[in-house]
Amino acid sequence: MTTYNDLGIKPIINAAATLTRLGGSRMPPPVVEAMAAGAQAFVDLPELQARVGARIAELTHNQACYVASGAAAGCPDGCCSTAPISHQGFPFALGGNWGYPRGEGIGNLSKDG
């Protein structure tokens, strides 16, 4: 297995926070073990994502949960979730309010106000 040293990359001290661009976070052994176990088979990723989200929602007493690969990956989903439920099927476009009054759904994300 290739290590960071093999690639000439020096480890850094992260004194900032859990940042995706700095590798996210160091994982405890049970997490690494679960990832290794999961890597032993092929699965349908949308099905896995749906079931994991449903399980986390159940455990945290929420209506739903979406697991993203990092903070940046979750941003579009968070923004889209502010659209009115009846318009969830529309593509997300910053600055587009689709004719809805300000403060209603996606209109409050418009670049002009």
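Details
- Chymotrypsin sites (Phe, Trp or Tyr not before Pro) within segment 1-73, DSSP loop, no more than 12 other Cβ atoms inside 10 Å: Tyr4, Phe42
- Qualifying trypsin sites (Lys or Arg not before Pro) in segment 3-51, DSSP loop, other Cβ atoms within 10 Å at most 11: Arg26
- Here the spin labels are modelled as points 7 Å beyond Cα on the Cα-Cβ line, and at Asn14 and Leu59 they lie 2.0 nm apart.
- Sequence-distant residues sharing a close amide H with Gly24 (under 5 Å, placed H): Leu19
- Neighbourhood charge, 15 Å Cβ-Cβ cut-off, centred on Ile12 and excluding it, Lys, Arg +1 and Asp, Glu -1: +3
Any read-out appearing in this document is the output of simple, stated calculations on the displayed coordinates, not a laboratory observation. Quick caveat, the model's predicted, so the values are computed rather than measured. In this analysis, Cβ positions are derived from the backbone assuming ideal geometry, glycine residues included, and neighbour counts consider all displayed protein chains.
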